[in-house]
Amino acid sequence: MESFDCDVIIIGGGHNGLVAASYLARAGKRVRILEANSELGGATSSVCAFDGFDARISRYSYLVSLLPDSIIKDLGLNFECISRSISSYTPFERDGIDQGLLVSREWDSKTQDSFDALDPSGNESLAWQSFYAEIAEFAERIAPTLLQPLMTRSQLREVIALPEVWDYMIEKPIGEIITSRFKDDVVRGIVLTDALIGTFASAFEIQANICFLYHLMGNGTGEWKVPKGGMGALVSELERVAREAGVEIELNQRVTRVESDADGVSVTTSNGAQIRAPYLLSNMAPQLLAQLRGTMPPQSLDGSQIKINILLKGLPRLKSGIDPTVAFAGTFHVNESFTQCEDVFDLAKRGQMPQLLPVEMYCHTLNDASILSPQLAEQGYHTLTLFGLHTPATLFDTDNDVARQAALKSALTSLNQYLAEPIEGFIAGIEVKTPLDIEKEIGLPRGNIFHRDLQFPFREDGTVPSWGVETDDPRIFICGAGAIRGGGVSGVPGHNAAMALLATA
Ligand SMILES: Cc1cc2nc3c(=O)[nH]c(=O)nc-3n(C[C@H](O)[C@H](O)[C@H](O)COP(=O)(O)OP(=O)(O)OC[C@H]3O[C@@H](n4cnc5c(N)ncnc54)[C@H](O)[C@@H]3O)c2cc1C
């Protein structure tokens, strides 16, 4: 009988690779992770990005919703997420007056008053409450299916048993329900942004529905929470449990070739190592796996966001007069009305950088100061995480450095429109990551934050049973974001790839 180096090779030590490794090692498999970079975590890392400042920012991903509590419990992770009492604040100017819409996580009198000021008829607040109550029911029913083999479209529709919601969430472009239920452009935009994060689509394309669903179904509530200690805290815990389960982890081991035959899979690394095992899981994007295997890569949209990380000496005041510790504690929407998002999408499709970028941001340190040294916290320092929409990789192809500066200017100009004091006066450190930077640093093809386009969490009727992680080779599985039900910080494809492999081997 052939002797293998281990039972399972995992290419990539992102959070999903670590989740898969732990489940497999606990089931008795000998697992070896080969990570290209000198650190684990991929898009879930925390770093001290600013020289001379002890502030550990979540460099790429920054909020958690999709990670099922059951994975945290199964693996015994000592990892906590903090609820934000403020869901969002959206500044806007109307009739020359600076105002804002404040939405608390739980509907309360402050939220009611804020909606009433924006729309004294009460229609928008009623529309908001009924729409999100329907979605909450949908989310509650779909969430438990994510860690099971994929249901077919018909099976899932039947299990969810909310045909009207299914119709507008899955079958018709999400822009239709948003524009029919809501009348106010600002309110429509707040609802729409969940359909656009990391997805270069119009409100009237089904790809936006898929993105919307992923942003609202996490843990059955869709609540986005703050990772205590930053995203790197999750990686540290995953590394701890993986090592305790006996997983071997090798850093600086870039896999350059993957070959398989009827008995096993062999990988070659850039250091010249050759490793062979009966099974392989790929935590890297399916496009990259295809390159290494010499097969046809799947089609996908480019990444379409810039991420800006800022260390601030203090918080700027707002023109609307709201307390900045309230405004910045939840998601702060800037120039993200429905019309602005659609217009900027059209502009970017034509290859142009907008003057006023639609941006959303939040201040981690208002919810969790533990990422700052006690000295910085005492001096009033804060971090801002900015996520700019509709900046596809194509805008950066000609000259990444020049376009990065243009995108930064557009984002800060956009933000400054609503500040009483320009943000520039508060910046102690800043870094900007374009889709091309993200591709170069952590290998997300064209900067796509989900590795490839998100897919609905079901399989079509009549297709073969699957976990959504299989490839054309029965010995190779996808355990990363590019699997069906991958994408985001979730551990779901890591769990599902481990289950699919254990069901086979
Ligand atoms: C800017 C940004 C913001 C985001 N914000 C959020 C957010 O707030 N919340 C959220 O839920 N999601 C967010 N996401 C998405 C989320 O972070 C990713 O979808 C998720 O982390 C992917 O995890 P993964 O483990 O599947 O893959 P990755 O994190 O991409 O890990 C893959 C690993 O494989 C390694 N690798 C690649 N090629 C090779 C090779 N040839 N050999 C060996 N190793 C290799 C990489 O170095 C990497 O460590 C964001 C992503 C980005 C980029």
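The values are calculated or read from the model by the stated rules, or taken from the named source; none is laboratory data. These numbers were taken from a predicted model, which means no experiment stands behind them. Methodologically, a virtual Cβ is constructed for each residue, glycine included, from the backbone with ideal geometry; neighbour enumeration extends over all protein chains shown.
Summary of values
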read-out	value
Tally, over the stretch 40-81, of residues that are assigned to a loop (DSSP other than H, G, I, E, B) and within 12 Å of the ligand (Cβ to nearest atom)	10
Qualifying residues in the stretch 443-467 (those that are more than 15 Å from the ligand (Cβ to nearest atom) and among the polar types (S, T, N, Q)) - the one nearest to S45 (Cα to Cα)	S466
Residues (within 14 Å of the ligand (Cβ to nearest atom) and over 30 Å from S300 (Cβ atoms)) located in the stretch 375-416	T383
The one condition in (1) buried (at least 24 other Cβ atoms within 10 Å of the Cβ); (2) aliphatic (A, V, I, L, M); (3) more than 10 Å from the ligand (Cβ to nearest atom) that A503 fails to fulfil	(1)
Members of the stretch 212-230 that are within 14 Å of the ligand (Cβ to nearest atom) and either touching a Gly at 6+ places or on another chain (Cβ under 7 Å) or closer than 19 Å to G76 by Cβ (or both)	Y214, H215, L216, N219, P227
Flag for S3 being near the ligand (Cβ under 9 Å from one of its atoms), outside the structural domain of N496 (by TED's automatic domain parsing) and either polar (S, T, N, Q) or assigned to a helix (DSSP H, G or I) (or both)	no
Selection status of F345, in the same structural domain as G175 (by TED's automatic domain parsing), of a type in the set (F, W, Y) and either surrounded by fewer than 22 Cβ atoms within 10 Å (Cβ to Cβ) or more than 16 Å from the ligand (Cβ to nearest atom) (or both)	yes
Residue list for the stretch 384-402, filter: over 15 Å from G447 (Cα atoms) and part of a helix (DSSP H, G or I)	D401, V402
Subset of the stretch 383-422 [of a type outside the set (S, T, Y), more than 20 Å from I310 (Cα to Cα) and free of Cβ contacts under 8 Å to residues at least 12 places away in the same chain]	D399
A20 being within 15 Å of the ligand (Cβ to nearest atom), under 23 Å from the mean Cα position of the chain (by Cα) and not in a loop (DSSP other than H, G, I, E, B)	yes
Residue ID - farthest from A290 (Cα to Cα), chosen from residues in the stretch 468-495 that are touching a Leu at 6+ places or on another chain (Cβ under 7 Å) and more than 10 Å from the ligand (Cβ to nearest atom)	H495
Residue that is nearest to K307 (Cα to Cα) [pool: residues in the stretch 353-375 that are in a helix (DSSP H, G or I) and touching a Ser or Thr at 6+ places or on another chain (Cβ under 9 Å)]	H364
Considering residues of the stretch 287-303 that are under 17 Å from N16 (Cβ atoms) and in contact with a helix residue (DSSP H, G or I) (Cβ under 9 Å, 6 or more places away or on another chain) only, the residue surrounded by the fewest Cβ atoms within 10 Å (Cβ to Cβ)	Q287
Check on L146, farther than 19 Å from D343 by Cβ and under 21 Å from the mean Cα position of the chain (by Cα)	yes
